[in-house]
Each structure stands twice: as structure tokens, then as C-alpha cells.
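Worksheet for the structure shown next.
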Amino acid sequence: ILHRDVSVGNILITLDGEGGLLIDWELALNLNRTTRTTRQWITGTWQFMSVRLLQRLSNHHEPSDDMESLLWVVLFVFLRYYTGSLNEIQVKEQLDKIFNEQ
């Protein structure tokens with residue numbers, strides 16, 4: 001099953017921080033029930049979509065696209081909560097530069 005919208009907004013973390021839950025499965029795709037001839041549309045939060053889908057190199061969402069989305073989520077969370085030398089304003093500016101500029 002492909003989720004097709006793995007993003008920060010679709011992951012809930014438990015209060016104790018020990019677990020998480022991927023939510024918002026409305027547009028998920030069961031690969032065992034869908035043939036490649038079935039019309040599909042590209043879905044997802046663009047900041048976390050795979051480069052392949054953003055560049056329209058394919059009209060089909062693949063498992064590797066969900067995996068790349070997960071990589072972007074991990075990078076975003078790491079940069080957002082890393083306690084390095086940047087202050088909160090600098091972190092926000094860098095996140096906007098990486099994830100919001102097209």
C-alpha cells in the first residue's frame with residue numbers, strides 16, 4: 001500500500017515520544033488491486049514529494065517515492081529540532097529556503 005502523502009503533517013507522535021502513527025490514508029493506493037492502466041493522479045504535500053514526481057518524470061507513484069518522502073520528513077524534523085548554533089529565526093529562514101522555495 002502506498003500512502004502517497006508522507007509528510008510532517010501526516011505523522012503523529014505519541015505523548016511519550018516512543019511511537020508514531022501515519023495518518024490520512026484517504027488517497028492511499030493498494031498496489032495489489034490497481035493495475036498500471038488505471039488512471040492515477042499525483043498527490044502529496046509538495047515539500048515532501050519525491051524529485052521524480054515533482055519533475056513529472058512519471059505519472060505513477062512508486063514505493064520509492066514514499067521512501068523519499070520519508071527521507072525529506074526526517075531531514076525536515078532534524079533541521080527543525082537540531083540544537084546547533086542557529087537561533088530560532090535562522091532555523092525558520094533555512095527551512096523556508098530548503099522546503100518552500102520552488
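The values are calculated or read from the model by the stated rules, or taken from the named source; none is laboratory data. Computed from a predicted model, the values in this text were never measured in an experiment. No Cβ is skipped: glycine too gets one built from the backbone with ideal geometry, and neighbour counts run over all protein chains shown. In case anyone asks, the SASA skips ligands and DNA or RNA and just uses the protein heavy atoms, side chains included. Shrake-Rupley method; radii C 1.70, N 1.55, O 1.52, S 1.80 Å.
Some observations on this one:
- Loop-located trypsin sites (Lys or Arg not before Pro) in the stretch 23-102, at most 10 other Cβ atoms within 10 Å (DSSP): R33, R36, R39, R56
- About the centre of its Cα atoms, the chain shows a dipole size close to 480 debye [charges on the beta carbon of Lys, Arg (+1) and Asp, Glu (-1) only; nearest 20 debye].
- Helix 88-99 and the longest principal axis of the Cα set of the chain meet at an angle near 20°.
- Computed with a 1.4 Å probe over protein heavy atoms only, the accessible surface of the stretch 40-87 comes to 67 Å² per residue.
- Taking a ≥ b ≥ c as the square roots of the eigenvalues of the alpha-carbon gyration tensor, the chain is classed oblate because a/c is 1.5 or more while a/b is no larger than b/c.
- Low-density loop cleavage sites - GluC sites (Glu not before Pro) in the stretch 2-102, where at most 11 other Cβ are within 10 Å (DSSP): E18, E26, E101
- Loop-located chymotrypsin sites (Phe, Trp or Tyr not before Pro) across the stretch 21-92 with a Cβ neighbour count of 10 or fewer within 10 Å are W41, Y82, with loop assigned by DSSP.
- On full extension, the segment bounded by L57 and T83 gains 5.7 nm, given 0.36 nm per residue less the C-alpha separation.
- Structure-based [θ]222 nm, the chain - -39500 (n - 2.57) summed over DSSP H runs of at least 4, per residue, nearest 500: -10500 deg cm²/dmol
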